[in-house]
2 protein chains.
Amino acid sequence: MTSPTCLALPKIRFERGFLAGRARLVRDVVIPYQWEALNDRIPGAERSGTVSNFQIAAGEKQGEFYGYWFQDSDLAKWLEAASYRLATHPDAALEAELDGIIAIIAKAQQPDGYLDTYVQVKEPHMRWKNLFEYHELYIAGHFIEAGVAHFEATGKRSLLDVVAKLANMIERTFGTGAGQIPGYPGHEEIELALVKLARVTGEKRYAQLAAYFVNQRGQEPLYFEEEAKRLGFAKLPVYYHADRWDFQQAGRPVRNLVDPIGHSVRMMYLTTAMADLALTLPDESLRRACTTLWDNLTRYHLYLTGGVGSEWMGEKFAERYDLPNDRAYAESCAGIGLVFWARRMLDLQLRGQYGDVMERALYNNVLAGMALDGKTFFYVNPLEIRPHEAKRRYDMHYVKTQRVPWFGCACCPPNIARTLTSLGYYTHSVLSDGLAVHLYADCRLEATIAGQKTAVALHTDYPWDGAVRVEVSPAQPVTFTLRLRLPGWCTAPGARLNGQKVDLAAHTRDGYLYLAREWRAGDVVTLDFPMPIQRVRAHPAVHHDAGCVALQRGPMVFCFEQADNGPLLSQLRLPKTAALTARFDHDLLGGAVVIEGPAERVRASNEELYSTAEPAVSPATITAVPYCLWNNRGEGEMRVWIRES
Amino acid sequence: MTSPTCLALPKIRFERGFLAGRARLVRDVVIPYQWEALNDRIPGAERSGTVSNFQIAAGEKQGEFYGYWFQDSDLAKWLEAASYRLATHPDAALEAELDGIIAIIAKAQQPDGYLDTYVQVKEPHMRWKNLFEYHELYIAGHFIEAGVAHFEATGKRSLLDVVAKLANMIERTFGTGAGQIPGYPGHEEIELALVKLARVTGEKRYAQLAAYFVNQRGQEPLYFEEEAKRLGFAKLPVYYHADRWDFQQAGRPVRNLVDPIGHSVRMMYLTTAMADLALTLPDESLRRACTTLWDNLTRYHLYLTGGVGSEWMGEKFAERYDLPNDRAYAESCAGIGLVFWARRMLDLQLRGQYGDVMERALYNNVLAGMALDGKTFFYVNPLEIRPHEAKRRYDMHYVKTQRVPWFGCACCPPNIARTLTSLGYYTHSVLSDGLAVHLYADCRLEATIAGQKTAVALHTDYPWDGAVRVEVSPAQPVTFTLRLRLPGWCTAPGARLNGQKVDLAAHTRDGYLYLAREWRAGDVVTLDFPMPIQRVRAHPAVHHDAGCVALQRGPMVFCFEQADNGPLLSQLRLPKTAALTARFDHDLLGGAVVIEGPAERVRASNEELYSTAEPAVSPATITAVPYCLWNNRGEGEMRVWIRES
């Protein structure tokens, strides 16, 4: 397969259906809301300080830096999301807002290209001195991503020039050459951003800089260990518990990593860059490392919802198979990072399992991060909650029982926004010899495929229904290969080309259907992905899920909420033989499929805490709703895994 | 019932059987070992500094205070245990050691009676200034207990005089009178100690001082809140999470407490004193408060092992029914505190359930705290452990996978020691009109009952066998009531008096068999408590135990260890119909009953993390051993609750 090209965003539109609705919410509600938040104009919300910090750094106002040392990144992620929005939905007022803030950013940038308002305003003497904790390179990465997105959306170089100057400054500063700093970021991000910058500028040296950062990580002597000595750290931070330098994937060279380890967002951003570089450079050893890490993540460290990271302290990966439900971390940003990585793995090799995991993470973990009204967000996404317990126990204090409007550490909301405004990047790949469809959503796209301008329309009610109609309309007949992902959850897919049944066995490779032919206007492929209700069980080594089953239908993982089932969900049991039915409820949660069926409720046979008596069992009914829509009806218990009897 | 009298220790001896073996271990191994530890003479062990601190305070050596602010209490608890040892097993060398250290303590005591080496050596200006955190009154309590024990064991007043002087100083200092401090201890302990001091000195004012401390707790304005303001605390400590002042049972008057709350050892020491005072003063409202708290503890907050406290941060009680097994706290000291309280409740009212809980806590939670060789100890007593997970996860870092030799915070080892050296206090009550037997253990006691010198011998292999022979031998025939606890776990007890079957229904009240008659030398009561293997289930509201069963036989809770069953214990299932057998294994764990039977092991049907396939099930056998003996064969998985199929 030849190298893929990122589909330019203006040429794809999602107008109807589930994902389109979520994307519209981001465009219409989230982006304007977040802009107000970044400007500290939302009464009652936690102060952000972000725009203010830039104004201070630019000399436009007096004041103190406010917020975390990584506060700048909130603005960068918002700029990226807003740029994607401009790309698909031009808006002169928004574009003017961007021009205004970009001018302030440019003014805040120092003459040598340095840009980090925390260090500039608060600790100028600490420039590049504490890579271990400070986020200068992380923030640079987010601004580079924003600069690329802004340039691609508007054609303006204003922000791109700022970030190129910053990248050049970083290129001069870091490396193993004389007078250079042989360090790397405490939080990965810039690596994947530099690959984007290389692509859009055509300057391969940015990819080389990314490769330097990736290759230098974990080389002896360990940079962070040396830095900690210089800074006189008496002891390592508590979030280093058990993992030490591996917390930041900096304890050994990245090619020696076997399982994902340490801070999960950091890990996902690193693997995303590793896959990018494996393809771009190319680098076969990075490709092998990616494959090993992918296999071990999906086999040992992935929640059913596509969430990753199962330990609070350090927001970390834990032991193999250690996936607690009520103490999950499964941070929204880590799920987004997994979507990033999966998408890059598809560029490396078109395998259905990458699309399967991308779909699982997006439809469940990531979408759960945002409320139906787009106004509140989850940072942590547990698979089980008992609100009174989560509020009382300190070891669950990080699990919020309801989404919150904005966080002091507001990484997740703008991350969700930039993902949902760039959906087209995840759904399709335009390849030199064709088109690949990874995710199914109602949309229309235009692209030049094999040199021919081609329109492709997908009509579907996915994820509620598995029928998909693909209309291919080249301006002139053209030969190329259409690649259509056959979802891994679907055990009996069907396909027809212009009404003729396609022999799937003959045309499927690695989970994708390959249709190579001369396409003419009016060609239609119909896909059928039946969506029975599936009972999913975890590997028996996941002790947290022992004796339990979860329900899935299509790509959607379901959950049981108190709103439908009453409290004490642990007392519900789903008999193996219970006949479950699915129906679409237009009035529920913005319109969603619900699953219903008979169940049992275990009841106490007496008041004793411990008893030799068997508990009583009475019949009950249960209702399950899509996990990504939970907690839109007030606070209550929820669980994904239910006991099976 | 008339007021009970604590049985003087010299008159009861445990020579054979399970408890006698554990007590012997304490006498022969633990007490000498701890004395070396307190003197910093154990190579490789964590430094204690305790004796050294007293030498410094006494002006006998130069140096800095070492250890926690409550370090003094380790010495006091050891003195108490060593005194009990002297009482039952005179030992001139040990007595001389005690005389020596008591002389140093007396020299360290300040002229006004004050005694706390941390404050004296390190922060003299802080005397009584930080009751919230410092442990001056807690330490005083432990020294008072030691002084009483030493006096009762040896007849010497040397330590008793020191602690009486200290108590007098405290009596002058605290109270609501002019110039007095209207405060109370941050950690309860002195209250129960003052009741002992009142008993042994005959001075009721010490009980009145205890009552002041109990009654003043939680009265508005909250003393600790005022004190925190005076000390300028910017915020409350993190262990106050969710409970605030209730962490120290200081947020409301003790009579308003409904559930046990806050730090579990503090709570148990408080309720012990409340029961003491309810009886001693007497105080009917304290009796009612005790009953409410008891009922709610046993209904909602008690582990099957008799452990209490299910949250690490703050070592606290949690929500009702929130009893996680792998994240249990169930501190050894809290279990000991529950034994103390239960024993006092038996003084208040002779009810079998108090004895049942005392037995459950002692035989399971408390005894698990000490290794079979008496050299290592658990502070936290989980009901389930997977070592690799507990070591990796920060939120389980407090759960040790193996017992450790000595702790910096060494509260538990000497607490276990003083409990096992004073067993006779828990097994029997000598009453003005008879004798009550609460716990069954092979022993011989002599007491004056109803004015007549009487020997009572118990012969039994309890807890492995439920046959008990009670021989009553008064010097002259004497009429009194013998009260024998019928264990709550026993569904079919039997009793014979001189061979004649006793009509239990007619003679049992509140779980005790009452035999009122004229006793003559040679009278024999035989008790039979059949010990079938019992399958215990938790109330369905305890979601942690859902679908699981535990095994109990007699008072012993059993557990499944990796040493017998291999790893991945969560994959084992015990069928409802499985026939289990118990046998005594002389070679195992110092001789113990083991339970064996057929079971099932769930196995993966494929390598997938999630699958719609049902797991494979293969036959297996399981072996359970007494919980209190776990972790005597190296590190490995363990669980009390096993899935039932």
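In table form, for the structure just shown:
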{"item": "Boolean, B:VAL472 is over 30 Å from B:TYR68 (Cα atoms), out of contact with any Asp or Glu (no Cβ under 6 Å at 6 or more places or on another chain) and β-branched (Val, Ile, Thr)", "result": "no"}
{"item": "Single unsatisfied condition, B:GLU561 versus (1) charged (D, E, K, R); (2) away from chain A (no Cβ under 14 Å); (3) surrounded by fewer than 22 Cβ atoms within 10 Å (Cβ to Cβ)", "result": "(3)"}
{"item": "One residue from B:ALA146, B:ALA76, B:ALA106, B:ALA140 being open to solvent by 30 Å² or more (accessible area, probe 1.4 Å) and within 22 Å of B:TYR206 (Cβ to Cβ)", "result": "B:ALA106"}
{"item": "Search result, residues across segment A:564-604 that are within 14 Å of chain B (Cβ to nearest Cβ), farther than 24 Å from A:PRO382 by Cα and open to solvent by 60 Å² or more (accessible area, probe 1.4 Å)", "result": "A:LYS576, A:THR577, A:ARG603"}
{"item": "Filter pass, B:ARG217 being at positive phi and under 26 Å from the mean Cα position of the chain (by Cα)", "result": "no"}
{"item": "Answer residue from segment A:26-57, given it is open to solvent by 30 Å² or more (accessible area, probe 1.4 Å) and in contact with an Asp or Glu (Cβ under 8 Å, 6 or more places away or on another chain) and is nearest to A:LEU86 (Cα to Cα) among those", "result": "A:VAL29"}
{"item": "Any hit, segment B:501-523, residues being among the hydroxyl-bearing types (Ser, Thr, Tyr), more than 19 Å from B:GLY306 (Cβ to Cβ) and without any contact (Cβ under 8 Å) to a residue 40 or more places away in the chain", "result": "yes"}
{"item": "Residue list for segment A:326-353, restricted to those being assigned to a loop (DSSP other than H, G, I, E, B) and either surrounded by fewer than 24 Cβ atoms within 10 Å (Cβ to Cβ) or in contact with a His (Cβ under 6 Å, 6 or more places away or on another chain) (or both)", "result": "A:ASP326, A:GLN349, A:LEU350, A:ARG351"}
{"item": "Odd one out for B:ALA278 among (1) touching a Phe, Trp or Tyr at 6+ places or on another chain (Cβ under 9 Å); (2) open to solvent by less than 10 Å² (accessible area, probe 1.4 Å); (3) among the hydrophobic types (A, V, I, L, M, F, W, C)", "result": "(1)"}
{"item": "Residue in segment B:329-347 that is at positive phi and more than 14 Å from chain A (Cβ to nearest Cβ) present", "result": "yes"}
{"item": "Qualifying residue in segment B:261-272 (condition: in contact with a His (Cβ under 8 Å, 6 or more places away or on another chain), within 13 Å of chain A (Cβ to nearest Cβ) and either without any contact (Cβ under 8 Å) to a residue 24 or more places away in the chain or surrounded by fewer than 24 Cβ atoms within 10 Å (Cβ to Cβ) (or both))", "result": "no"}
{"item": "Members of segment A:423-459 found to be closer than 27 Å to A:VAL593 by Cα and surrounded by 22 or more Cβ atoms within 10 Å (Cβ to Cβ), listed by number", "result": "A:LEU423, A:GLY424, A:TYR426, A:THR427, A:HIS428, A:VAL437, A:HIS438, A:LEU439, A:TYR440, A:ALA441, A:CYS443, A:LEU458"}
{"item": "Qualifying residue in segment B:614-633 (condition: open to solvent by 40 Å² or more (accessible area, probe 1.4 Å), assigned to a loop (DSSP other than H, G, I, E, B), under 19 Å from A:ARG643 (Cβ atoms) and of a type outside the set (D, E, K, R))", "result": "yes"}
{"item": "Looking only at segment B:525-539, and only at residues there that are under 26 Å from B:VAL478 (Cβ atoms) and open to solvent by less than 20 Å² (accessible area, probe 1.4 Å), the one that is farthest from the other protein chains (Cβ to nearest Cβ)", "result": "B:VAL525"}
{"item": "Tally of residues being more than 9 Å from every other protein chain (Cβ to nearest Cβ), open to solvent by 10 Å² or more (accessible area, probe 1.4 Å) and part of a helix (DSSP H, G or I) across segment B:290-325", "result": "4"}
{"item": "Residue, most open to solvent (accessible area, probe 1.4 Å), within segment A:493-507, restricted to residues that are in a strand (DSSP E or B) and over 16 Å from A:TYR440 (Cβ atoms)", "result": "A:LYS501"}
{"item": "Cβ-Cβ under 6 Å pairs, at least 6 apart or on other chains, segment A:606-617 side in contact (Cβ under 8 Å) with a residue 40 or more places away in the chain and over 11 Å from B:VAL549 (Cα atoms), far side of a type in the set (A, V, I, L, M) and surrounded by 13 or more Cβ atoms within 10 Å (Cβ to Cβ)", "result": "A:VAL617/A:VAL602"}
{"item": "Hits in segment A:107-143 (condition: free of Cβ contacts under 8 Å to residues at least 12 places away in the same chain and closer than 20 Å to A:GLN55 by Cβ)", "result": "A:GLN110, A:PRO111, A:GLU123, A:PRO124"}
{"item": "Output for segment B:407-457, where each listed residue is hydroxyl-bearing (Ser, Thr, Tyr), at pLDDT 90 or above and in a loop (DSSP other than H, G, I, E, B)", "result": "B:THR421, B:SER422, B:TYR440"}
{"item": "Residues of segment A:383-395 that turn out to be within 11 Å of chain B (Cβ to nearest Cβ) and either within 26 Å of A:LEU25 (Cα to Cα) or not in a loop (DSSP other than H, G, I, E, B) (or both), as a count", "result": "9"}
{"item": "Positions within segment A:223-260 being open to solvent by 20 Å² or more (accessible area, probe 1.4 Å), closer than 29 Å to A:ARG288 by Cβ, touching a residue at least 12 places away in the same chain (Cβ under 8 Å) and in a loop (DSSP other than H, G, I, E, B), in sequence order", "result": "A:GLY251, A:ARG252, A:PRO253, A:VAL258, A:ASP259"}
{"item": "Selection within segment A:166-190 - more than 19 Å from A:LEU270 (Cβ to Cβ), touching a Gly at 6+ places or on another chain (Cβ under 7 Å) and surrounded by fewer than 23 Cβ atoms within 10 Å (Cβ to Cβ)", "result": "A:ASN168, A:MET169"}
{"item": "Residue identified as in a loop (DSSP other than H, G, I, E, B) and open to solvent by less than 10 Å² (accessible area, probe 1.4 Å) among A:VAL380, A:VAL366", "result": "A:VAL380"}
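The values are calculated or read from the model by the stated rules, or taken from the named source; none is laboratory data. As the structure is a prediction and not an experimental result, all values here were calculated from the model. Neighbour counts run over all protein chains shown; Cβ positions are idealised from the backbone, glycine included. Side chains included, ligands, DNA and RNA excluded: accessible areas come from the protein's heavy atoms. Shrake-Rupley method; radii C 1.70, N 1.55, O 1.52, S 1.80 Å.
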